[in-house]
Structure formats: structure tokens, C-alpha cells
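The values are calculated or read from the model by the stated rules, or taken from the named source; none is laboratory data. Small disclaimer: the values here were computed from a predicted structure and weren't measured. Cβ placement follows ideal geometry from the backbone for every residue including glycine, while neighbour counts extend to all protein chains displayed. Areas reflect the complete protein model, heavy atoms only, side chains present, ligands, DNA and RNA absent. Shrake-Rupley method; radii C 1.70, N 1.55, O 1.52, S 1.80 Å.
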Amino acid sequence: MTEVFLSFIGFGNVGRGIARVLIEKAEQFRIKYGLKFRIVSISDSKATIWDESGVDLKDALMVKETFGSLDKWGNDYEVYQMSPMEVVKEVESDVVVDVTNDVNAWKWHMEAFRHGRHVVTSNKPPLVFHFMELTQEAYMRRVNYRFEATVMAGTPIITLLQESLLGDEILSIRGVFNGTTTFILSQMERGLSFEEALKKAQELGIAERDPSTDIKGIDAAYKATILHNVAFYPISFEKLKIRGIAEISMREIERAKKEGKVIRLVAEVKKGEVSVEPKTVPKDSSLAVYGTQNVAVIETDLLGKLIVKGAGAGVKETASAVVSDIIKAVIRE
């Protein structure tokens, strides 16, 4: 039995979803992989709980969901005020799990590598803006850097590109990678205005209170950039052509419907070229997804077209990718 020390940075919806999976499947992981996970620290935006003998995940969930913050914990554990950089330097862990949206997280990812720690993350900006230096540092330190959850949640497109198509040349990737925009456009096809569809998405928790990253195409562009970085080489985000869905009118929606088509926010990835913009596609196209589904059409020289479709958002779906990455990180050392 191998005991693995985990350090959680971020304990929002996804972090708590991962915690539930680790609780519910602890016996399965012991039997199937010979792994036992000990959570030695958990950090949210206000506090860090740190105990080398292990933090009780059930208690952590109860405190967070009851009081909204780990700094409200009672006398069971010491409550620390630590930055993520301090956590990766001081807490002895095997794997640092980053499920924040911290744009500066790349700095403490690098520090984690220097301390011999694997990093598993769902955080996109580090992979968009610092891909080369991060992956090279991880390789040099002989640690794993895994980020499946950054694109298509639990649908394993990163693993597919990194491990399953090694003899193929990737020619292109076309996809719909943002479930929020798909939901809004789908609702507009049903007759809602853009504003009404956005409000409904927010009420259902599909869209954020500030939806600009999704609406402007930035989120999809982040994901497309990561795919380019994995499939080809790092590309500068400034080179991307990005246009969101805010200017899509009901007239355009209706015109597409009359032609038997739908409008979707489509990302296109080719070597040295990435674009994200609304496109009109036939209703029977692979790109005509609905709800919060994501899809990628990968074209290679040997395999031809490969279609990967699955949930592109959701707590359980993202937790699936993160937990799988944690297991891969420690069994593939």
C-alpha cells in the first residue's frame, strides 16, 4: 500500500467535488491501485488547514459548506494564513492539487516542481501563458504535470493527444469547448433573447455572475490554446483570432434555423493558427452540440477524423479528470 500526501489549493465547488470522490472511492483506490490518500493541507481564499497526520475531509466539507470558509474551523486543527507559494514550500506533499483560477499560479507550480512535487490542475492560464517553462521544469525535475481538467472537463482529450496518437500527425482540431455559450445559443433557438438566455444560464449556475470570459470567447480561446500547445508547440495568445457571441442577433439565429443550421462558438486549431468565433453549422454536424456538451473533431494523417464528445463542464465531470490525474501522477513516477 502506497500512501500519497495531497495538498489542496482551492476548496470551491470543484475542490469539494474532488474531496467527495476521494471519500466515496477510498476503498476502490486501495484495492485497484494500492493507493491511500492523506490530505495534509487544504487552502481556500481565507485560510489553510495543515496537519501532517491528515485532515479529515468529511469535517472539511462540513465546515466549508456550513460556514463558507475554512477560517471558521474550531479547535480541531491549526488555522494558518498562508499564500499558495508558502504552502508549496512548507507543506510536505507528494501532489499539489490546484483548482483555483489564480493567473499567477504558474509561479507556485514552478516552486512545487523545484520541491519535487507533482502538480495536478484545472487552472487554465498557467498552461496558456507559461506552457513551455512549466512543462520543461517538470520534465527536468522528473515530476508529473497533469492538466486534463483544463479542457472539456472530464472528457480525456489531453490524454488522447499526449498518449494515444503518438504515431499520428495532427492536422487540425475543430471543436465547441464552452458550454455556457452553447446553452445561451440553444435557448435563443427556442425564442429567448440573448439577455433572457444569459439570465437563465446564470440562474441555473451554468454562467458565472460575470459571464464576460465565456461570452467574449476567452474561455474557449484558452482551451484552444492549450490544445495547440499540446498538439503542436506553444503559441502566443496574442496571435489568436477571437470573437464572442454577444453580437449574435435573433435574425441570425432565425436565418440559420430556416437553413437547417445552428450557430455555435467554434474553435479551430491548426499548426501556428488558432481562432474562436461563431459559425453556422448544419444541424447534423458533429459540432451541433446542445446543453453544456463539448465536442472536438481531431483530424490526423493516419486515423482521419476522430470525434470526441462529452460533458464539458460540471463538478463531477471536472473531479473525474482531476482524480484520474492524481492517480496517474503517482503511479507513473
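Considering only segment 262-277, I want to know if a residue exists there that is charged (D, E, K, R), under 20 Å from the mean Cα position of the chain (by Cα) and either assigned by the TED database to the domain that holds residue 189 or not in a strand (DSSP E or B) (or both).
yes
Does segment 81-90 include one or more residues that are within 19 Å of residue 322 (Cβ to Cβ), open to solvent by 10 Å² or more (accessible area, probe 1.4 Å), assigned by the TED database to the domain that holds residue 140 and of a type outside the set (A, V, I, L, M)?
Yes; the residues of segment 81-90 include at least one that is within 19 Å of residue 322 (Cβ to Cβ), open to solvent by 10 Å² or more (accessible area, probe 1.4 Å), assigned by the TED database to the domain that holds residue 140 and of a type outside the set (A, V, I, L, M).
What pairs can you find where one residue is in segment 238-249 and at pLDDT below 95, the other is among the basic types (Lys, Arg) and assigned to a loop (DSSP other than H, G, I, E, B), and their Cβ atoms are less than 8 Å apart, with a gap of 6+ or different chains?
From segment 238-249, the pairs are 246/216.
Kindly evaluate residue 147 against the criterion of being closer than 28 Å to residue 327 by Cα, among the aromatic types (Phe, Trp, Tyr), open to solvent by less than 20 Å² (accessible area, probe 1.4 Å) and not assigned by the TED database to the domain that holds residue 238.
Judged against the criteria, residue 147 is a match.
Looking at residue 291 and the list (1) of a type outside the set (Phe, Trp, Tyr); (2) under 22 Å from residue 160 (Cα atoms); (3) outside any strand (DSSP E or B), which single condition is not satisfied?
(2)
Give the residue, chosen from 25, 64, that is at pLDDT 95 or above and open to solvent by 60 Å² or more (accessible area, probe 1.4 Å).
25
From 7, 45, grab the single residue that is modelled with pLDDT under 95, under 21 Å from the mean Cα position of the chain (by Cα), more than 18 Å from residue 316 (Cβ to Cβ) and not β-branched (Val, Ile, Thr). First the steps, then the outcome.
Working: 7 fails: modelled with pLDDT under 95.
Exactly one residue qualifies, and that residue is 45.
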